[in-house]
Amino acid sequence: MFDNSNELSPWDRDHFFHPATYAGAHARGEMPTRVMARGDGVYITDTSGRTSLDAFAGLFCVNVGYGRQKIAEAIAKQAKELAYYHAYIGNGTEAPIRLSKMIIDRAPRGMSRVYFGLSGSDANETNIKLTWYYNNVLGRPEKKKIISRWRGYHGSSVMTGSLTGLELYHNAFDLPRAPILHTEAPYYFRRADRTVGEEQFAQECADKLEDMILAEGPDTVAAFIGEPILGAGGIVPPPTGYWKKVQSVLEKYDILLIADEVITGFGRLGTMFGSEHYGIRPDLITISKGLTSAYAPLSGVIVSDKIWQVLVQGSDQLGMIGHGWTCSAHPICAAAGIANLELIDEMGLIANARDTGAYLRAALTEVLAGRRNVGEVRGDGLMAAVEFVEDKDDRAFFDPTKKVGQQVAAALLERGVIGRALPQGDILGLAPPLCLTRGEADIIIENTASAVDSVFVN
(Lines give C-alpha, C1' and ligand atoms only; values in the text may rest on other atoms or scores of the structure.)
Protein backbone atom coordinates (compact mmCIF):
# COMPACT_ATOMS: atom_id res chain seq x y z
CA MET A 1 0.00 0.00 0.00
CA PHE A 2 1.09 3.59 -0.68
CA ASP A 3 0.51 6.28 1.89
CA ASN A 4 -0.56 9.87 1.38
CA SER A 5 -0.63 12.20 4.34
CA ASN A 6 -3.84 14.06 3.49
CA GLU A 7 -7.51 13.13 3.08
CA LEU A 8 -7.43 13.49 -0.71
CA SER A 9 -5.87 10.07 -1.23
CA PRO A 10 -8.80 8.00 0.15
CA TRP A 11 -11.32 10.30 -1.54
CA ASP A 12 -9.40 9.82 -4.77
CA ARG A 13 -9.52 6.03 -4.50
CA ASP A 14 -13.18 5.94 -3.45
CA HIS A 15 -14.74 8.49 -5.81
CA PHE A 16 -12.51 9.53 -8.73
CA PHE A 17 -12.63 7.49 -11.96
CA HIS A 18 -9.22 8.15 -13.55
CA PRO A 19 -8.57 7.96 -17.28
CA ALA A 20 -6.00 5.44 -18.57
CA THR A 21 -5.49 3.81 -15.17
CA TYR A 22 -5.46 0.26 -13.76
CA ALA A 23 -8.82 0.83 -12.07
CA GLY A 24 -8.82 -2.09 -9.63
CA ALA A 25 -5.20 -1.72 -8.54
CA HIS A 26 -5.70 1.98 -7.96
CA ALA A 27 -8.92 1.56 -5.98
CA ARG A 28 -7.31 -1.12 -3.79
CA GLY A 29 -4.25 1.02 -3.07
CA GLU A 30 -1.87 -1.31 -4.93
CA MET A 31 -0.47 1.54 -6.99
CA PRO A 32 0.42 5.09 -5.97
CA THR A 33 -1.90 8.03 -6.15
CA ARG A 34 -0.26 11.39 -6.51
CA VAL A 35 -2.09 14.69 -6.15
CA MET A 36 -0.31 17.60 -7.82
CA ALA A 37 -0.51 20.99 -6.16
CA ARG A 38 1.62 23.57 -8.01
CA GLY A 39 4.17 23.98 -10.77
CA ASP A 40 6.96 26.30 -11.85
CA GLY A 41 8.79 26.06 -15.16
CA VAL A 42 9.66 22.39 -15.73
CA TYR A 43 8.97 21.42 -12.10
CA ILE A 44 5.78 20.20 -10.46
CA THR A 45 5.11 19.66 -6.74
CA ASP A 46 2.53 17.39 -5.12
CA THR A 47 0.50 17.80 -1.93
CA SER A 48 3.12 15.94 0.11
CA GLY A 49 5.76 18.50 -0.91
CA ARG A 50 7.67 16.26 -3.34
CA THR A 51 8.97 18.13 -6.38
CA SER A 52 9.74 16.44 -9.71
CA LEU A 53 11.17 17.61 -13.01
CA ASP A 54 8.36 16.90 -15.46
CA ALA A 55 10.17 15.51 -18.47
CA PHE A 56 6.90 14.71 -20.21
CA ALA A 57 5.20 18.14 -20.00
CA GLY A 58 2.05 16.62 -18.51
CA LEU A 59 0.95 14.64 -21.55
CA PHE A 60 3.13 16.24 -24.27
CA CYS A 61 1.23 19.47 -23.61
CA VAL A 62 2.66 22.04 -21.16
CA ASN A 63 4.85 23.63 -23.81
CA VAL A 64 5.49 26.95 -22.08
CA GLY A 65 6.07 25.34 -18.68
CA TYR A 66 4.14 25.65 -15.44
CA GLY A 67 3.20 28.77 -13.51
CA ARG A 68 3.03 31.27 -16.38
CA GLN A 69 1.16 34.19 -14.87
CA LYS A 70 0.47 35.79 -18.23
CA ILE A 71 -1.85 32.92 -19.16
CA ALA A 72 -3.47 32.82 -15.71
CA GLU A 73 -4.17 36.54 -15.89
CA ALA A 74 -5.63 36.26 -19.39
CA ILE A 75 -7.98 33.51 -18.19
CA ALA A 76 -9.04 35.56 -15.16
CA LYS A 77 -9.60 38.72 -17.18
CA GLN A 78 -11.76 36.93 -19.73
CA ALA A 79 -13.75 35.14 -17.01
CA LYS A 80 -14.53 38.47 -15.34
CA GLU A 81 -15.54 40.22 -18.55
CA LEU A 82 -17.49 37.46 -20.29
CA ALA A 83 -17.06 33.86 -19.19
CA TYR A 84 -19.10 32.34 -22.01
CA TYR A 85 -21.16 32.91 -25.09
CA HIS A 86 -21.79 30.41 -27.85
CA ALA A 87 -20.41 30.54 -31.39
CA TYR A 88 -23.49 29.18 -33.18
CA ILE A 89 -25.19 30.94 -36.12
CA GLY A 90 -22.49 33.55 -36.61
CA ASN A 91 -22.23 34.59 -32.95
CA GLY A 92 -18.88 34.83 -31.26
CA THR A 93 -16.59 36.59 -28.84
CA GLU A 94 -13.37 38.51 -29.37
CA ALA A 95 -10.81 35.99 -28.11
CA PRO A 96 -11.47 33.11 -30.57
CA ILE A 97 -11.58 35.55 -33.47
CA ARG A 98 -8.17 36.95 -32.54
CA LEU A 99 -6.79 33.46 -31.89
CA SER A 100 -8.02 32.23 -35.28
CA LYS A 101 -6.05 34.99 -36.98
CA MET A 102 -2.94 34.16 -34.94
CA ILE A 103 -3.18 30.48 -35.87
CA ILE A 104 -3.65 31.09 -39.60
CA ASP A 105 -0.73 33.54 -39.55
CA ARG A 106 1.44 30.72 -38.16
CA ALA A 107 -0.01 27.80 -40.14
CA PRO A 108 1.42 26.26 -43.32
CA ARG A 109 0.51 27.91 -46.60
CA GLY A 110 -2.93 27.26 -48.01
CA MET A 111 -4.81 27.08 -44.71
CA SER A 112 -7.97 29.16 -44.39
CA ARG A 113 -10.15 28.78 -41.28
CA VAL A 114 -10.04 27.37 -37.73
CA TYR A 115 -12.84 25.37 -36.12
CA PHE A 116 -12.48 25.17 -32.31
CA GLY A 117 -13.38 22.33 -29.95
CA LEU A 118 -12.07 21.19 -26.58
CA SER A 119 -9.91 18.10 -27.12
CA GLY A 120 -7.83 16.39 -29.76
CA SER A 121 -10.42 13.62 -29.82
CA ASP A 122 -13.28 15.94 -30.73
CA ALA A 123 -11.08 17.72 -33.28
CA ASN A 124 -10.47 14.44 -35.08
CA GLU A 125 -14.19 13.65 -34.85
CA THR A 126 -14.67 16.95 -36.66
CA ASN A 127 -12.10 15.91 -39.26
CA ILE A 128 -13.97 12.67 -39.91
CA LYS A 129 -17.27 14.49 -40.37
CA LEU A 130 -15.76 17.18 -42.59
CA THR A 131 -14.15 14.50 -44.75
CA TRP A 132 -17.49 12.74 -45.23
CA TYR A 133 -19.35 16.03 -45.79
CA TYR A 134 -16.73 17.13 -48.35
CA ASN A 135 -17.21 14.00 -50.44
CA ASN A 136 -21.00 14.11 -50.19
CA VAL A 137 -21.03 17.68 -51.47
CA LEU A 138 -18.78 16.62 -54.36
CA GLY A 139 -21.20 13.80 -55.24
CA ARG A 140 -18.93 10.97 -54.11
CA PRO A 141 -21.01 9.16 -51.46
CA GLU A 142 -18.89 5.99 -51.63
CA LYS A 143 -15.60 7.80 -50.89
CA LYS A 144 -15.69 7.52 -47.10
CA LYS A 145 -12.96 5.17 -45.82
CA ILE A 146 -10.18 6.71 -43.73
CA ILE A 147 -6.78 5.06 -43.49
CA SER A 148 -4.81 5.47 -40.28
CA ARG A 149 -1.64 3.69 -39.16
CA TRP A 150 -0.90 1.06 -36.58
CA ARG A 151 0.65 2.71 -33.49
CA GLY A 152 -0.82 6.09 -34.38
CA TYR A 153 -2.75 7.98 -31.70
CA HIS A 154 -5.71 10.15 -32.70
CA GLY A 155 -8.06 10.09 -29.71
CA SER A 156 -10.15 7.75 -27.58
CA SER A 157 -13.78 8.33 -28.57
CA VAL A 158 -15.58 5.69 -30.62
CA MET A 159 -14.44 6.96 -34.02
CA THR A 160 -11.13 8.55 -33.01
CA GLY A 161 -10.36 5.51 -30.87
CA SER A 162 -10.86 3.55 -34.08
CA LEU A 163 -8.36 5.82 -35.84
CA THR A 164 -5.90 5.14 -33.02
CA GLY A 165 -3.79 2.10 -33.82
CA LEU A 166 -2.93 0.88 -30.30
CA GLU A 167 -4.41 -2.28 -28.76
CA LEU A 168 -4.98 -0.62 -25.39
CA TYR A 169 -7.56 1.70 -26.94
CA HIS A 170 -9.36 -1.11 -28.79
CA ASN A 171 -9.51 -3.92 -26.23
CA ALA A 172 -13.06 -4.68 -25.02
CA PHE A 173 -14.46 -1.49 -26.59
CA ASP A 174 -15.59 -3.14 -29.86
CA LEU A 175 -13.08 -1.06 -31.81
CA PRO A 176 -12.00 -0.25 -34.44
CA ARG A 177 -15.21 0.59 -36.27
CA ALA A 178 -15.77 0.83 -40.01
CA PRO A 179 -14.93 2.62 -42.20
CA ILE A 180 -11.54 2.98 -40.51
CA LEU A 181 -8.57 1.00 -41.86
CA HIS A 182 -4.96 0.70 -40.67
CA THR A 183 -1.74 0.44 -42.61
CA GLU A 184 1.94 -0.12 -41.77
CA ALA A 185 3.48 1.94 -38.97
CA PRO A 186 6.59 3.82 -40.20
CA TYR A 187 8.61 2.28 -37.38
CA TYR A 188 12.07 1.56 -38.79
CA PHE A 189 13.49 -0.01 -35.61
CA ARG A 190 10.73 -2.65 -35.63
CA ARG A 191 10.83 -3.38 -39.37
CA ALA A 192 10.49 -7.04 -40.30
CA ASP A 193 13.44 -7.03 -42.73
CA ARG A 194 16.59 -5.81 -41.00
CA THR A 195 18.54 -5.65 -44.27
CA VAL A 196 16.61 -2.72 -45.76
CA GLY A 197 17.69 0.90 -45.41
CA GLU A 198 15.44 3.71 -44.19
CA GLU A 199 14.46 5.02 -47.61
CA GLN A 200 13.71 1.51 -48.88
CA PHE A 201 11.56 0.90 -45.80
CA ALA A 202 9.75 4.19 -46.43
CA GLN A 203 9.02 3.01 -49.96
CA GLU A 204 7.68 -0.28 -48.59
CA CYS A 205 5.31 1.67 -46.33
CA ALA A 206 4.11 3.76 -49.28
CA ASP A 207 3.70 0.63 -51.41
CA LYS A 208 1.60 -1.07 -48.72
CA LEU A 209 -0.56 2.03 -48.48
CA GLU A 210 -1.08 2.03 -52.25
CA ASP A 211 -1.85 -1.71 -52.23
CA MET A 212 -4.53 -1.13 -49.57
CA ILE A 213 -6.06 1.74 -51.55
CA LEU A 214 -6.20 -0.39 -54.71
CA ALA A 215 -7.64 -3.37 -52.84
CA GLU A 216 -10.36 -1.24 -51.24
CA GLY A 217 -11.00 0.77 -54.41
CA PRO A 218 -9.66 4.34 -54.72
CA ASP A 219 -13.22 5.64 -55.18
CA THR A 220 -14.01 4.44 -51.62
CA VAL A 221 -10.97 5.90 -49.80
CA ALA A 222 -11.47 9.48 -48.60
CA ALA A 223 -8.55 10.37 -46.34
CA PHE A 224 -5.30 9.35 -44.70
CA ILE A 225 -4.46 10.56 -41.17
CA GLY A 226 -1.05 10.58 -39.55
CA GLU A 227 1.00 12.30 -36.89
CA PRO A 228 4.11 13.92 -38.39
CA ILE A 229 6.10 11.86 -35.85
CA LEU A 230 4.46 8.97 -34.02
CA GLY A 231 3.79 10.16 -30.46
CA ALA A 232 2.18 7.85 -27.91
CA GLY A 233 2.98 4.93 -30.21
CA GLY A 234 6.68 5.21 -29.43
CA ILE A 235 8.01 8.70 -30.34
CA VAL A 236 9.11 7.41 -33.74
CA PRO A 237 10.38 9.85 -36.40
CA PRO A 238 9.42 8.94 -39.95
CA PRO A 239 12.06 7.11 -41.99
CA THR A 240 13.90 9.12 -44.64
CA GLY A 241 11.62 10.06 -47.54
CA TYR A 242 8.46 8.72 -45.90
CA TRP A 243 6.18 11.73 -46.15
CA LYS A 244 7.18 12.58 -49.71
CA LYS A 245 6.42 9.03 -50.84
CA VAL A 246 3.13 8.82 -48.94
CA GLN A 247 1.91 12.15 -50.28
CA SER A 248 2.67 11.04 -53.81
CA VAL A 249 0.33 8.06 -53.33
CA LEU A 250 -2.43 10.20 -51.81
CA GLU A 251 -2.28 12.76 -54.61
CA LYS A 252 -2.43 9.99 -57.22
CA TYR A 253 -5.79 8.78 -55.89
CA ASP A 254 -7.29 12.13 -54.77
CA ILE A 255 -7.19 11.25 -51.07
CA LEU A 256 -7.20 13.97 -48.40
CA LEU A 257 -4.31 14.24 -45.94
CA ILE A 258 -5.09 14.96 -42.28
CA ALA A 259 -2.01 15.95 -40.28
CA ASP A 260 -2.61 15.26 -36.60
CA GLU A 261 -0.48 17.96 -34.97
CA VAL A 262 -1.95 17.71 -31.48
CA ILE A 263 1.57 17.03 -30.17
CA THR A 264 3.75 18.67 -32.82
CA GLY A 265 1.86 21.92 -33.30
CA PHE A 266 3.31 25.11 -31.82
CA GLY A 267 6.97 24.32 -31.48
CA ARG A 268 7.54 20.78 -30.26
CA LEU A 269 9.77 19.83 -33.25
CA GLY A 270 11.66 23.12 -33.37
CA THR A 271 9.30 24.51 -36.00
CA MET A 272 5.86 26.06 -35.54
CA PHE A 273 4.24 22.97 -37.07
CA GLY A 274 5.47 19.46 -37.75
CA SER A 275 4.10 19.77 -41.29
CA GLU A 276 6.67 22.46 -41.95
CA HIS A 277 9.39 20.31 -40.39
CA TYR A 278 8.74 17.28 -42.61
CA GLY A 279 7.45 18.96 -45.77
CA ILE A 280 3.84 17.81 -45.32
CA ARG A 281 1.08 19.54 -47.32
CA PRO A 282 -2.10 18.81 -45.34
CA ASP A 283 -5.73 19.42 -46.21
CA LEU A 284 -6.75 19.44 -42.53
CA ILE A 285 -4.59 19.94 -39.42
CA THR A 286 -5.56 18.80 -35.92
CA ILE A 287 -4.33 21.01 -33.05
CA SER A 288 -4.79 20.94 -29.30
CA LYS A 289 -2.17 20.38 -26.58
CA GLY A 290 0.35 23.09 -27.41
CA LEU A 291 -2.36 25.55 -28.41
CA THR A 292 -2.92 26.55 -24.77
CA SER A 293 -0.13 24.49 -23.17
CA ALA A 294 -3.14 22.75 -21.52
CA TYR A 295 -3.82 25.74 -19.25
CA ALA A 296 -7.37 25.46 -20.58
CA PRO A 297 -9.00 22.77 -22.77
CA LEU A 298 -8.99 23.85 -26.41
CA SER A 299 -8.58 22.09 -29.74
CA GLY A 300 -8.93 23.07 -33.33
CA VAL A 301 -9.16 21.93 -36.92
CA ILE A 302 -7.26 24.11 -39.35
CA VAL A 303 -9.12 23.87 -42.65
CA SER A 304 -7.38 24.39 -45.97
CA ASP A 305 -8.79 26.74 -48.57
CA LYS A 306 -9.44 23.69 -50.78
CA ILE A 307 -11.73 22.16 -48.14
CA TRP A 308 -13.28 25.48 -47.15
CA GLN A 309 -14.52 26.22 -50.67
CA VAL A 310 -16.39 22.91 -50.73
CA LEU A 311 -17.85 23.54 -47.25
CA VAL A 312 -19.18 26.89 -48.48
CA GLN A 313 -20.67 25.17 -51.53
CA GLY A 314 -22.31 22.58 -49.30
CA SER A 315 -23.75 25.15 -46.93
CA ASP A 316 -25.21 27.12 -49.85
CA GLN A 317 -26.87 23.95 -51.16
CA LEU A 318 -27.87 22.17 -47.94
CA GLY A 319 -28.26 24.88 -45.31
CA MET A 320 -26.25 25.40 -42.15
CA ILE A 321 -23.51 22.86 -41.43
CA GLY A 322 -24.99 20.74 -38.63
CA HIS A 323 -21.91 20.32 -36.49
CA GLY A 324 -20.94 22.00 -33.23
CA TRP A 325 -20.24 21.69 -29.52
CA THR A 326 -21.77 23.81 -26.77
CA CYS A 327 -18.33 25.05 -25.74
CA SER A 328 -16.84 25.41 -29.23
CA ALA A 329 -14.62 28.52 -29.34
CA HIS A 330 -14.97 29.04 -25.59
CA PRO A 331 -13.70 32.57 -24.84
CA ILE A 332 -11.81 31.65 -21.66
CA CYS A 333 -9.92 28.89 -23.46
CA ALA A 334 -9.24 31.11 -26.45
CA ALA A 335 -7.86 33.84 -24.17
CA ALA A 336 -5.46 31.25 -22.77
CA GLY A 337 -4.46 30.34 -26.32
CA ILE A 338 -3.65 33.94 -27.24
CA ALA A 339 -1.44 34.41 -24.18
CA ASN A 340 0.21 31.03 -24.78
CA LEU A 341 1.12 31.76 -28.41
CA GLU A 342 2.48 35.16 -27.38
CA LEU A 343 4.67 33.47 -24.76
CA ILE A 344 5.99 30.94 -27.27
CA ASP A 345 7.19 33.87 -29.37
CA GLU A 346 8.42 36.05 -26.49
CA MET A 347 10.40 33.25 -24.83
CA GLY A 348 11.97 31.97 -28.05
CA LEU A 349 10.67 28.48 -27.31
CA ILE A 350 10.70 27.13 -30.85
CA ALA A 351 14.43 27.73 -31.27
CA ASN A 352 15.02 26.38 -27.77
CA ALA A 353 13.08 23.20 -28.57
CA ARG A 354 15.28 22.68 -31.62
CA ASP A 355 18.59 23.37 -29.92
CA THR A 356 18.02 21.90 -26.47
CA GLY A 357 16.21 18.93 -27.99
CA ALA A 358 19.22 18.13 -30.18
CA TYR A 359 21.47 18.39 -27.15
CA LEU A 360 19.22 16.12 -25.06
CA ARG A 361 19.08 13.37 -27.69
CA ALA A 362 22.80 13.49 -28.48
CA ALA A 363 23.76 13.34 -24.81
CA LEU A 364 21.29 10.53 -24.08
CA THR A 365 22.68 8.55 -27.01
CA GLU A 366 26.22 9.02 -25.72
CA VAL A 367 25.54 8.24 -22.06
CA LEU A 368 23.49 5.11 -22.86
CA ALA A 369 25.85 3.78 -25.52
CA GLY A 370 27.11 0.23 -25.04
CA ARG A 371 24.24 -0.99 -22.87
CA ARG A 372 22.97 -4.22 -24.38
CA ASN A 373 19.41 -3.56 -23.20
CA VAL A 374 19.16 -0.15 -24.85
CA GLY A 375 18.00 -0.91 -28.37
CA GLU A 376 17.63 2.63 -29.65
CA VAL A 377 17.63 6.27 -28.62
CA ARG A 378 15.56 8.32 -31.07
CA GLY A 379 13.39 11.39 -31.45
CA ASP A 380 13.20 14.82 -33.03
CA GLY A 381 12.84 18.34 -31.70
CA LEU A 382 12.19 18.21 -27.97
CA MET A 383 10.95 14.61 -28.09
CA ALA A 384 13.08 11.60 -27.23
CA ALA A 385 12.52 7.91 -26.63
CA VAL A 386 14.67 5.11 -25.29
CA GLU A 387 13.55 1.64 -26.38
CA PHE A 388 14.65 -1.34 -24.31
CA VAL A 389 15.33 -4.82 -25.65
CA GLU A 390 16.30 -8.13 -24.13
CA ASP A 391 19.32 -8.33 -26.39
CA LYS A 392 20.53 -5.45 -28.54
CA ASP A 393 22.47 -7.60 -31.01
CA ASP A 394 19.51 -9.85 -31.76
CA ARG A 395 16.91 -7.04 -31.41
CA ALA A 396 14.95 -9.43 -29.19
CA PHE A 397 12.09 -7.78 -27.32
CA PHE A 398 11.08 -8.42 -23.71
CA ASP A 399 8.03 -10.39 -22.67
CA PRO A 400 5.39 -7.62 -22.23
CA THR A 401 4.33 -9.07 -18.86
CA LYS A 402 7.69 -8.03 -17.41
CA LYS A 403 6.71 -4.35 -17.89
CA VAL A 404 10.32 -3.31 -18.29
CA GLY A 405 9.46 0.14 -19.60
CA GLN A 406 7.27 0.79 -16.58
CA GLN A 407 10.09 -0.33 -14.29
CA VAL A 408 12.45 2.22 -15.83
CA ALA A 409 9.85 4.99 -15.63
CA ALA A 410 9.26 4.15 -11.96
CA ALA A 411 13.00 4.17 -11.23
CA LEU A 412 13.28 7.54 -12.97
CA LEU A 413 10.44 8.94 -10.86
CA GLU A 414 12.22 7.77 -7.70
CA ARG A 415 15.10 9.98 -8.84
CA GLY A 416 12.85 13.01 -9.17
CA VAL A 417 12.18 12.99 -12.93
CA ILE A 418 8.87 12.20 -14.63
CA GLY A 419 9.08 10.23 -17.89
CA ARG A 420 6.37 8.09 -19.44
CA ALA A 421 6.33 4.39 -20.21
CA LEU A 422 4.76 4.34 -23.66
CA PRO A 423 2.26 1.58 -24.56
CA GLN A 424 2.82 -1.50 -26.70
CA GLY A 425 6.54 -1.81 -26.08
CA ASP A 426 9.24 -1.17 -23.49
CA ILE A 427 9.78 2.48 -24.31
CA LEU A 428 10.61 5.44 -22.09
CA GLY A 429 9.24 8.65 -23.53
CA LEU A 430 10.61 12.13 -22.83
CA ALA A 431 8.98 15.36 -24.02
CA PRO A 432 9.74 18.15 -21.54
CA PRO A 433 8.34 21.68 -21.63
CA LEU A 434 9.90 23.73 -24.42
CA CYS A 435 11.49 26.05 -21.86
CA LEU A 436 13.90 23.30 -20.75
CA THR A 437 17.45 24.55 -20.18
CA ARG A 438 20.63 22.57 -20.86
CA GLY A 439 21.19 22.31 -17.13
CA GLU A 440 17.74 20.78 -16.72
CA ALA A 441 18.41 18.50 -19.70
CA ASP A 442 21.54 17.29 -17.87
CA ILE A 443 19.37 16.35 -14.88
CA ILE A 444 17.14 14.25 -17.15
CA ILE A 445 20.15 12.61 -18.82
CA GLU A 446 21.98 11.77 -15.59
CA ASN A 447 18.91 10.35 -13.90
CA THR A 448 17.79 8.39 -16.95
CA ALA A 449 21.15 6.66 -17.09
CA SER A 450 20.95 5.93 -13.37
CA ALA A 451 17.40 4.56 -13.69
CA VAL A 452 18.39 2.32 -16.59
CA ASP A 453 21.36 0.94 -14.67
CA SER A 454 19.17 0.24 -11.64
CA VAL A 455 16.82 -1.94 -13.73
CA PHE A 456 19.36 -3.72 -15.91
CA VAL A 457 22.64 -5.45 -15.11
CA ASN A 458 24.93 -4.68 -18.06
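Taking the conditions exactly as written (out of contact with any helix residue (DSSP H, G or I) (no Cβ under 6 Å at 6 or more places or on another chain), closer than 18 Å to Val236 by Cα and not in a strand (DSSP E or B)), does Arg354 satisfy them or not? Considered against the rule, which asks whether it is out of contact with any helix residue (DSSP H, G or I) (no Cβ under 6 Å at 6 or more places or on another chain), closer than 18 Å to Val236 by Cα and not in a strand (DSSP E or B), Arg354 comes out as yes.
Matching residues to (1) polar (S, T, N, Q); (2) not assigned by TED's automatic domain parsing to the domain that holds Ala410:
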| residue | (1), (2) |
| --- | --- |
| Thr21 | yes, yes |
| Gly39 | no, no |
| Tyr43 | no, no |
| Asp46 | no, no |
| Ala55 | no, no |
| Lys77 | no, yes |
| Glu81 | no, yes |
| Tyr84 | no, yes |
| Ile104 | no, yes |
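Taking first residues from segment 174-201 that are assigned to a loop (DSSP other than H, G, I, E, B) and partners that are modelled with pLDDT of 95 or more and of a type in the set (Ser, Thr, Tyr), the Cβ contacts under 6 Å between residues at least 6 apart in sequence or on separate chains come to Leu175/Ser162; Pro176/Ser162; Arg177/Ser162; Pro186/Tyr242.
Quick check: is even one residue across segment 25-47 of a type in the set (S, T, N, Q), exposed (fewer than 15 other Cβ atoms within 10 Å of the Cβ) and more than 18 Å from Ala336 (Cβ to Cβ)?
So far as segment 25-47 goes, no, none of its residues is of a type in the set (S, T, N, Q), exposed (fewer than 15 other Cβ atoms within 10 Å of the Cβ) and more than 18 Å from Ala336 (Cβ to Cβ).
Listed here are the residues, each with its yes/no results for (1) part of a helix (DSSP H, G or I); (2) surrounded by fewer than 24 Cβ atoms within 10 Å (Cβ to Cβ); (3) at pLDDT 95 or above; (4) not basic (Lys, Arg).
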{"site": "Pro282", "(1), (2), (3), (4)": "no, no, yes, yes"}
{"site": "Ala296", "(1), (2), (3), (4)": "no, yes, yes, yes"}
{"site": "Ile302", "(1), (2), (3), (4)": "no, no, yes, yes"}
{"site": "Trp308", "(1), (2), (3), (4)": "yes, yes, yes, yes"}
{"site": "Leu311", "(1), (2), (3), (4)": "yes, yes, yes, yes"}
{"site": "Gly314", "(1), (2), (3), (4)": "yes, yes, yes, yes"}
{"site": "Gln317", "(1), (2), (3), (4)": "yes, yes, yes, yes"}
{"site": "Ile321", "(1), (2), (3), (4)": "no, yes, yes, yes"}
{"site": "Trp325", "(1), (2), (3), (4)": "no, yes, yes, yes"}
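Rundown of residues vs (1) in contact (Cβ under 8 Å) with a residue 24 or more places away in the chain; (2) farther than 26 Å from Met272 by Cβ, yes/no style:
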{"position": "Ser9", "(1), (2)": "yes, yes"}
{"position": "His15", "(1), (2)": "no, yes"}
{"position": "Thr21", "(1), (2)": "no, yes"}
{"position": "Met36", "(1), (2)": "no, yes"}
{"position": "Asp54", "(1), (2)": "yes, no"}
{"position": "Tyr66", "(1), (2)": "yes, no"}
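Considering segment 365-411, and only residues there that are touching a residue at least 60 places away in the same chain (Cβ under 8 Å), part of a loop (DSSP other than H, G, I, E, B) and in contact with a strand residue (DSSP E or B) (Cβ under 6 Å, 6 or more places away or on another chain), the residue that is farthest from Ala451 (Cα to Cα) turns out to be Asn373. Here segment 387-421 is the region considered, the condition is being in contact with a helix residue (DSSP H, G or I) (Cβ under 7 Å, 6 or more places away or on another chain) and within 17 Å of Arg190 (Cα to Cα), and the residue that is surrounded by the fewest Cβ atoms within 10 Å (Cβ to Cβ) is Phe398.
Of Ala83, Ala87, Ala79, all but one fail to be crowded, with 16+ Cβ neighbours inside 10 Å, modelled with pLDDT of 95 or more and more than 30 Å from Ala384 (Cα to Cα); the exception is Ala87.
The values are calculated or read from the model by the stated rules, or taken from the named source; none is laboratory data. As the structure is a computational prediction, the values presented were derived from the model and not from experiment. Quick reminder, even Gly has a Cβ in these numbers, built from the backbone with ideal geometry, and neighbours come from all protein chains shown.
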